[in-house]
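J.: Input: one structure, supplied below.
The values are calculated or read from the model by the stated rules, or taken from the named source; none is laboratory data. Please read these numbers as outputs of a predicted model, since none were measured by experiment. Positions of Cβ are generated from backbone atoms using ideal geometry, with glycine treated the same way; all protein chains shown enter the neighbour counts.
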Amino acid sequence: MGASGLEVSQLGLGTLTWGAGTDVAGATEQLTAFVDAGGTLVETADAYGDGTAQQMLGEVIATTVPRDYLIVAGRAMLPAPPDERPSGPGSARGALLAGLDATLKRLGTDHLDLWQLPGFDATVPLEETLSAVQVAVMAGKARYAGLVAPAGWELATVAERGRALGSITVPVSAQVEYSLLCRAPEAELLPAAAHHGVGLLAWAPLGRGVLTGKYAGGTPADSRGASPALATYVEARRTERSGRIVQAVLTAADGLGTSPLAVALAWVRDRPGVTAAIVGARDAAQLAASTAADGVVLPREIRAALDDVSAP
């Protein structure tokens, strides 16, 4: 993970749908298959199902997959509106530490391997937010800290301020959306991350599902694009530009004898600065398509063509 000593699998398992489209049995099947395939990094957040995803992950850890097999990355709650702040602003020390304790309780564990903090909160001094990291690491409740969707200048600022407070407050990761359809991190975030020794965790590496080609002929009834809760999320990536990129991915997959999913995932996984690509899955069968992409390596010519067609 960047310049740190934390090691994770290049494919991470996201738990966004756990408690929504995935029940405990399905979650158990997913996590078991993920670990069997060599996966270690599991990403979760307070906001996933208002804690339901973390409760389910805790149940699977307690009954099926030993905690020692996993690198658990927990994302802190985003800053809440003023009338919903029982412990103070979202990035205040009290709110962050209270949220961390609640997360650990739901997971049934005594620590997070990676504690990912939300974006800047203008109402809280950055030094106070970073002091929460110091407290958590010193107490053994978090091993490392990272940031969620920072701008390049935000990451650089946190890294510099953290370094002044001590190495344990320096972020080792930045989790952000990154795919052939979303290359915005390349402008500022990736250069800042490289300079400060921070590893990128790419979420939505499949372009919110669009890069799999499933939407090329319409919207499948069982897809996220057909879900009232996620349709807008998916629709944002279904543009004329996206159509050209998807066609290039389909052509590459056909030429390599593999799936469009494998092509899109391999492109992200092997980008400079990327530590891991985080995928979500409806079930174990869908997850298997992602783990099967582990052995796919894109030839230089195909990678160059995809770079060209997807250039920002």
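J.: Looking at segment 2-21, which of the residues that are part of a strand (DSSP E or B) and among the small types (Gly, Ala, Ser) is surrounded by the fewest Cβ atoms within 10 Å (Cβ to Cβ)?
T.: Filtering first and then ranking leaves GLY14.
J.: A further question on this structure: Against the definition (farther than 22 Å from ASP294 by Cβ, modelled with pLDDT under 95 and basic (Lys, Arg)), how does ARG85 come out, yes or no?
T.: yes
J.: Any idea which of ALA193, ALA184, ALA156 is without any contact (Cβ under 8 Å) to a residue 60 or more places away in the chain and among the aliphatic types (A, V, I, L, M)?
T.: ALA156
J.: Of these, ALA142, ALA122, which one is over 17 Å from ALA47 (Cα atoms), touching a residue at least 40 places away in the same chain (Cβ under 8 Å) and not charged (D, E, K, R)?
T.: ALA142
J.: If you don't mind, there's one more thing I want to ask. Within segment 273-280, does at least one residue satisfy the condition of being of a type outside the set (A, V, I, L, M), at pLDDT below 95 and surrounded by 17 or more Cβ atoms within 10 Å (Cβ to Cβ)?
T.: Within segment 273-280, one or more residues are of a type outside the set (A, V, I, L, M), at pLDDT below 95 and surrounded by 17 or more Cβ atoms within 10 Å (Cβ to Cβ).
J.: Sort out which residues of segment 32-44 are assigned to a helix (DSSP H, G or I) and out of contact with any strand residue (DSSP E or B) (no Cβ under 7 Å at 6 or more places or on another chain), and write them in order of number.
T.: Of everything in segment 32-44, those that are assigned to a helix (DSSP H, G or I) and out of contact with any strand residue (DSSP E or B) (no Cβ under 7 Å at 6 or more places or on another chain) turn out to be THR32, ALA33, VAL35, ASP36.
J.: Within segment 243-255, does at least one residue satisfy the condition of being within 30 Å of MET138 (Cα to Cα), at pLDDT 85 or above and surrounded by 22 or more Cβ atoms within 10 Å (Cβ to Cβ)?
T.: no
J.: Suppose we keep only residues that are touching a Ser or Thr at 6+ places or on another chain (Cβ under 6 Å) and not hydrophobic (A, V, I, L, M, F, W, C) within segment 179-213. Which one would you say is farthest from SER259 (Cα to Cα)?
T.: Among those that are touching a Ser or Thr at 6+ places or on another chain (Cβ under 6 Å) and not hydrophobic (A, V, I, L, M, F, W, C), it is GLY199.
J.: Being under 15 Å from ALA73 (Cα atoms) and either among the aliphatic types (A, V, I, L, M) or touching a Gly at 6+ places or on another chain (Cβ under 6 Å) (or both) is true for just one of LEU130, LEU190, LEU117, LEU211. Which residue is that?
T.: Being under 15 Å from ALA73 (Cα atoms) and either among the aliphatic types (A, V, I, L, M) or touching a Gly at 6+ places or on another chain (Cβ under 6 Å) (or both) holds for just one of LEU130, LEU190, LEU117, LEU211, which is LEU117.
Matching residues to (1) more than 21 Å from THR15 (Cβ to Cβ); (2) among the aliphatic types (A, V, I, L, M); (3) in a helix (DSSP H, G or I):
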| residue | (1), (2), (3) |
| --- | --- |
| ARG106 | no, no, yes |
| THR109 | no, no, no |
| GLU128 | yes, no, yes |
| ALA156 | yes, yes, yes |
| ALA159 | yes, yes, yes |
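J.: Hey, can you tell me all the residues within segment 14-53 that are touching an Asp or Glu at 6+ places or on another chain (Cβ under 7 Å) and closer than 18 Å to GLN175 by Cα?
T.: GLY14, THR15
J.: I've got another one for you. Cβ-Cβ distance below 7 Å, separation of 6 or more or different chains: which pairs start in segment 258-277 with a residue that is within 16 Å of VAL8 (Cα to Cα) and end on one that is basic (Lys, Arg) and assigned to a helix (DSSP H, G or I)?
T.: If the second residue must be basic (Lys, Arg) and assigned to a helix (DSSP H, G or I), the pairs left are ALA277/ARG269.
J.: Only one of (1) in a helix (DSSP H, G or I); (2) modelled with pLDDT under 95 fails for ALA221. Which number is that?
T.: (1)
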